[in-house]
Amino acid sequence: MYCRICGTHRTVEYRRRCFMDLCAHCNSETPKKASRYFFDKRYWSNSNDVPESIKKEFYNDYKVSRCTVAQYIEQTTTRLY
């Protein structure tokens, strides 16, 4: 078992609030993660035209980030003015 964020093998446990294996350090710095359902609802705004494989890839990327859903959306979307 290894930490999904930093890759260490020390103090790694499955963390229910993040839905993945994390070391104690990354667990303390990682906010609670949203479920896939909630993430998809917020990120994709119920868009049906995004392929499932893309949605899954974005959710997996979000999970191993140190971002909240709002922060992740801000970092990965482009706003055109």
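Of the residues Arg17, Arg36, only one is surrounded by fewer than 12 Cβ atoms within 10 Å (Cβ to Cβ), in contact with a helix residue (DSSP H, G or I) (Cβ under 9 Å, 6 or more places away or on another chain), charged (D, E, K, R) and under 20 Å from Lys56 (Cα atoms); which?
Being surrounded by fewer than 12 Cβ atoms within 10 Å (Cβ to Cβ), in contact with a helix residue (DSSP H, G or I) (Cβ under 9 Å, 6 or more places away or on another chain), charged (D, E, K, R) and under 20 Å from Lys56 (Cα atoms) holds for just one of Arg17, Arg36, which is Arg17.
Listed here are the residues, each with its yes/no results for (1) of a type in the set (Lys, Arg); (2) assigned to a helix (DSSP H, G or I).
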| site | (1), (2) |
| --- | --- |
| Lys32 | yes, no |
| Asn46 | no, no |
| Asp49 | no, no |
| Phe58 | no, yes |
| Cys67 | no, no |
| Ala70 | no, yes |
| Thr78 | no, no |
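How many residues, within region 3-36, are among the aromatic types (Phe, Trp, Tyr) and at pLDDT 95 or above?
1
Here is a check on your reading of the model: is Arg4 surrounded by 15 or more Cβ atoms within 10 Å (Cβ to Cβ), out of contact with any Phe, Trp or Tyr (no Cβ under 9 Å at 6 or more places or on another chain) and in a loop (DSSP other than H, G, I, E, B)?
Judged against the criteria, Arg4 is a match.
I want to confirm something. Restricting to region 66-79 and keeping residues that are among the hydroxyl-bearing types (Ser, Thr, Tyr) and closer than 18 Å to Tyr37 by Cβ, which single residue is surrounded by the most Cβ atoms within 10 Å (Cβ to Cβ)?
Result: Tyr72.
The values are calculated or read from the model by the stated rules, or taken from the named source; none is laboratory data. Because the structure is predicted, anything quoted here is derived from the model rather than measured. Cβ coordinates were reconstructed from backbone atoms using ideal geometry, including for glycine residues, and neighbour counts include every protein chain displayed.
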